[in-house]
Amino acid sequence: MPVVAATTSPPTPLGGPAGGALTLIFTTVPALLRLTCGLVAAVVALAVRTPPVRVALLVPAVVALTAWSAWYAVRAFRHGIGGGLVAGDVALTTAAGLTIPWLVAPEVLPGEVSWIAVLASTTVINAQLTAPARWSVPAGLVVTIAYAAGATAAGNPAEARGHAVTLLVQIGCAAMMSAVMRRRSGRADAAFADYQRLARDAVVARTAREAERRQNRDLHDTVLATLTMVGLGAVPGPSAALRERCAADLRTLAALADARSVPTPGTVALDDRLRAILARLPELPVAATLPPCAVPAEVAAAVADSAAAALANVVRHAPGSSATLRLTRVGDAVVVEVADDGPGFDPATVPAHRYGLRESIHGRMSTVGGRAEVTSAPGAGTRVRLEWTGVD
């Protein structure tokens, strides 16, 4: 029997989900197999005690093997199966095989069904499942030789040859099965680790893109907006309002350069944030309705900044018009509406590369799970509706 073909790489510690499941299987199955076979073998061994069976040797042997089976199972379930358990199992089974002439009655020895035959099969299979092949295969061969020697000494060479072949087949099949399962579980865990790495990389990339988009929105809504309004003549200069706007823009740039974003815990007053936005736009007449409203800090920042972008668009694209800013609660939703009576526009004609509506309003609201709706038409003014749902 080409048993050497079953020699494989030793089982390696597998920390992934597939390896963990396989380790659990290769611990539970041998433990249960050893325990059940040990108990059954004890009953069968004591049932037939005809000569030349020596009862004085049989009873201590059965007691020792039964106690060992129980200890093997308990130890395996609590601490796993290590080299000590495997070596002890092989040693006891080898000793039992060599003492077949005094432990097994001749009438029950043929047919590979004696209790020591079952014990030997259990041991060689368990060894392949719980030890590296470079140790388990030789251990199985030792058990096979011991059984063959004991059966021959008991006067049954046919049984010795027959069960020796069976044990060799069991060694080869169990070793190859163990190798295939360990290799497959290793590949599965490697694929899972690759997936986790790709997922982490995707999260990092998405976070970087979000940070870049956030910085672009802040730049668009501060420095670029101020320069555009100055260029269009919407902000008279020099003026206190222009100086305050430039100072606020400088603070934004400093925060971006610092590159640290520490979220404010708890809730903040959204109405106060909106009033601060209005204070930065003294040149725009706004009729505001701002009842008290507390929301999470990141929501307040997103809604207020989106409203600021909408109001900045009024200054930029509808100079001379008036605007309204209204904060309401509709059920469990917070709604902020910015409307103006300016010339309006057709939203469908806004180029895709334009940043204002796409990022400064829609993109910003989406980052907190909110949404924005822009309604406008030429000659009909513009209304921007910002909505976030999540108020307790």
Practice prompt. Report the semi-axes of the equivalent ellipsoid for region 3-197 in whole Å, largest first, where each axis is √(5λ) for an eigenvalue λ of the Cα gyration tensor.
Written response: 34, 18, 11
Item to complete: Set the Förster distance to 22 Å, then compute FRET efficiency between ARG316 and THR375 from the Cβ-Cβ distance, nearest 0.05.
Response: 0.75
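Convex hull over the Cα atoms of region 266-392, averaged projected area in nm²? Write out the running numbers ahead of the final one.
Working: hull surface 29.4 nm².
With the hull built on Cα positions only, its mean projection is 7.3 nm².
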Worksheet item: What is the calculated FRET efficiency for MET177 to ALA153, with r their C-beta to C-beta distance and R₀ = 30 Å, to the nearest 0.05?
Response: 0.40
Worksheet, complete the sentence: Taking placed amide H atoms and a strict 5 Å upper bound, the residues 5 or more places from VAL268 or on another chain that come that close are VAL295, ALA297
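How large is the convex hull of the C-alpha atoms of region 26-87 per residue, in Å³? It would help to have the intermediate numbers written out before the result.
On the way: hull volume 4.7 nm³, N = 62.
Given the Cα convex hull of region 26-87, per-residue volume reads 76 Å³.
With +1 on each Lys and Arg Cβ and -1 on each Asp and Glu Cβ, and nothing else charged, work out how big the dipole of region 266-392 is about its Cα centre, in Debye to the nearest 20.
Working: 12 positive and 14 negative charges, 40 e Å.
For region 266-392, the charge dipole is close to 200 debye.
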Worksheet entry | Full-extension gain in nm, ARG134 to ALA21, via 0.36 nm per residue minus C-alpha separation | 38.4 nm
Worksheet item: Which of ALA64, GLY80, LEU33 sits farthest toward the positive end of the charge dipole of region 3-197, with +1 on the Cβ of Lys and Arg and -1 on the Cβ of Asp and Glu?
Response: GLY80
Discussion item. 5 Å is the cut-off here: which amide hydrogens, built 1.01 Å from N in the peptide plane, fall below it relative to GLY390, excluding neighbours closer than 5 in sequence?
Written reply: VAL334
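Here, each number is a calculation from the coordinates, and none is a lab measurement. Keep in mind that what you see is a predicted model, and the values were worked out from it rather than measured. Reconstructed Cβ throughout: ideal geometry from the backbone, glycine too, with neighbour counts over all protein chains shown.
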